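Notes follow once the structure below has been shown.
The values are calculated or read from the model by the stated rules, or taken from the named source; none is laboratory data. Since we're looking at a predicted model, the values are computed, not measured. Backbone-built Cβ (ideal geometry, glycine too); neighbour counts: all protein chains shown.
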Amino acid sequence: MVLLLLLFGLLSSAICAALPVQSGELTWSPRCPTSSRGKIPRLIPDPTNCRSAFLCYHGTPRRYFCPKGQVFDARNQECVPKKVCSKENDEYTAFTTCPDRNGPKNILFPHPTDCKMFYQCDNGIAVLRQCAALTHFNPATDRCDWPHEANCKARYLTLQS
């Protein structure tokens, strides 16, 4: 009996050694600049997962996911309903830069992951602002608006835990 168990152990070891071992899932991660002064963060699409995008935070990439049934649209910086995942080869930068000088009109950008936040450019500096309670930033009107008017639900992403 002992000989049979020993033979079984050797045989299973030989079979297992011949099988390829799968390592953990390979993941891609963007290179995040360490300095972001005067820049507005943008979500960077994950070329390995259409539901995922990265946000650079103090030089470190943080991964976010779109809700189930949605994919990340890098051009519009939001999650959109889509059945087929198409990977684009376009390059996206981690930040949008504010112009050095203010123009006649305020330059405002939505926050990439928080509907009630937005950035206002002030002579090359990106200043983070927050809408009043119960309102969301509406990029179509450059104002804080009722959530149903701002239509921000498409941008909702969740941080990978």
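Checked against (1) at pLDDT below 85; (2) under 21 Å from the mean Cα position of the chain (by Cα); (3) part of a loop (DSSP other than H, G, I, E, B), Ala154 passes all but a single condition, namely (3). Within segment 120-142, being on the phi < 0 side of the Ramachandran plot and out of contact with any Cys (no Cβ under 8 Å at 6 or more places or on another chain) holds for Gln120, Leu128, Arg129, Gln130, Ala133, Pro139, Ala140, Thr141. The residues of segment 69-115 that are modelled with pLDDT of 80 or more and over 23 Å from Ser52 (Cβ atoms), listed by number, are Cys98, Pro99, Asp100, Arg101, Asn102, Gly103, Pro104, Lys105, Asn106, Ile107, Leu108.
Quick check: anything in segment 124-134 touching a Leu at 6+ places or on another chain (Cβ under 7 Å) and modelled with pLDDT of 85 or more? There is no residue in segment 124-134 that is touching a Leu at 6+ places or on another chain (Cβ under 7 Å) and modelled with pLDDT of 85 or more.
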